Amino acid sequence: MAFLVSFIVIFGMIFISTLIKYQGQHVLPFPKESKEILRKYFDYYQNLNSEQRLSFEKKVHQFMRLKQFIPRGIDSVTLEMKTLISACAVQLTFGLPYVFLRHFKRILVYPDNYYSTINHNYHKGEVNPRYGIIVMSWKAFVQGYYKKQGINLGLHEMAHALHLENMILNDEFDFLDSTILKDWSKLAKIEMVKIKNGTSFFRSYGGSNEHEFFAVAVENFFERPREFKARVPEAYRVLSQLLNQDPAHIG
């Protein structure tokens with residue numbers, strides 16, 4: 001019995017020691033440079049209160065650690081690129097605390113539009129669930145946040161990733177409320193008809209299919225929230241419930 005107690009105590013000490021060592025090696029503080037990048041360039045972060053900013057930083061840090069950023073046509077993916085692309089994803093998932101788009105492990109960054117060997121066409125961005133990748137043109141990503149016209153490549157592609165992640169069988173499966181999703185689908189169909197008739201608040205690309213409509217709606221939800229809410233209040237309300245946040249009341 002004494003041997004068993006001693007074994008348990010020693011094993012427990014080894015386990016705790018190993019855990020502390022593991023955490024010391026892998027859990028690094030959020031880079032000060034990344035915080036400065038958010039303060040300088042990311043409006044969504046700037047409009048959060050101090051407690052929300054700390055939570056945002058933690059989630060950006062975790063997202064960055066979970067992803068492999070791969071340069072394409074550039075020497076490297078800089079810390080600025082990693083920080084802002086991660087912040088874009090967290091902007092979308094901020095109301096969903098445990099969602100990190102885990103299926104999409106690799107993010108490919110091109111300097112400009114690129115030729116897709118999969119679709120045999122030039123693209124600014126795409127999401128490929130089969131290979132678990134998100135692809136971005138850095139130029140188009142920056143332009144989306146700079147122009148603030150309801151066309152934002154980063155938000156658009158992250159919205160596709162979020163929509164798909166909800167359907168993929170993994171630890172993050174089915175995190176979007178199914179009842180709210182059904183309400184959203186009904187409203188999407190109505191708005192897509194309006195898009196085809198030229199009477200919708202949303203741009204024509206949103207009428208392609210429900211996946212594209214969701215991505216276009218997300219762009220406007222964050223880029224033009226007050227106008228979205230005024231023009232299409234029911235769709236705004238349901239999307240706000242779905243993402244668990246209300247950007248019209250931030251800042």
For this session: Of all residues in the stretch 111-153, count the ones that are of a type in the set (Val, Ile, Thr), free of Cβ contacts under 8 Å to residues at least 40 places away in the same chain and assigned to a loop (DSSP other than H, G, I, E, B).
Result: 2
For this session: Given the conditions (1) over 18 Å from Gly125 (Cβ atoms); (2) touching a helix residue (DSSP H, G or I) at 6+ places or on another chain (Cβ under 8 Å); (3) part of a helix (DSSP H, G or I), report the number of the one that His211 does not fulfil.
Result: (1)
Exercise. Considering only the stretch 142-167, how many residues are surrounded by 17 or more Cβ atoms within 10 Å (Cβ to Cβ) and within 18 Å of Pro225 (Cβ to Cβ)?
Worked result: 11
Exercise. If you go through the stretch 181-194 one residue at a time, do you hit one that is of a type in the set (D, E, K, R) and crowded, with 19+ Cβ neighbours inside 10 Å?
Worked result: yes
Problem set entry | Tally, over the stretch 214-231, of residues that are more than 18 Å from Val127 (Cβ to Cβ), out of contact with any Leu (no Cβ under 8 Å at 6 or more places or on another chain) and not polar (S, T, N, Q) | 8
Exercise. Yes or no: Asp183 touching a residue at least 40 places away in the same chain (Cβ under 8 Å) and farther than 30 Å from Lys82 by Cα?
Worked result: yes
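Values quoted throughout were computed directly from the atomic coordinates according to the rules given, and no laboratory measurement underlies them. Keep in mind the model is a prediction, meaning the values are calculated, not measured. Ideal geometry is used to build each Cβ from the backbone, glycine not excepted, and the neighbour counts take in all protein chains shown.
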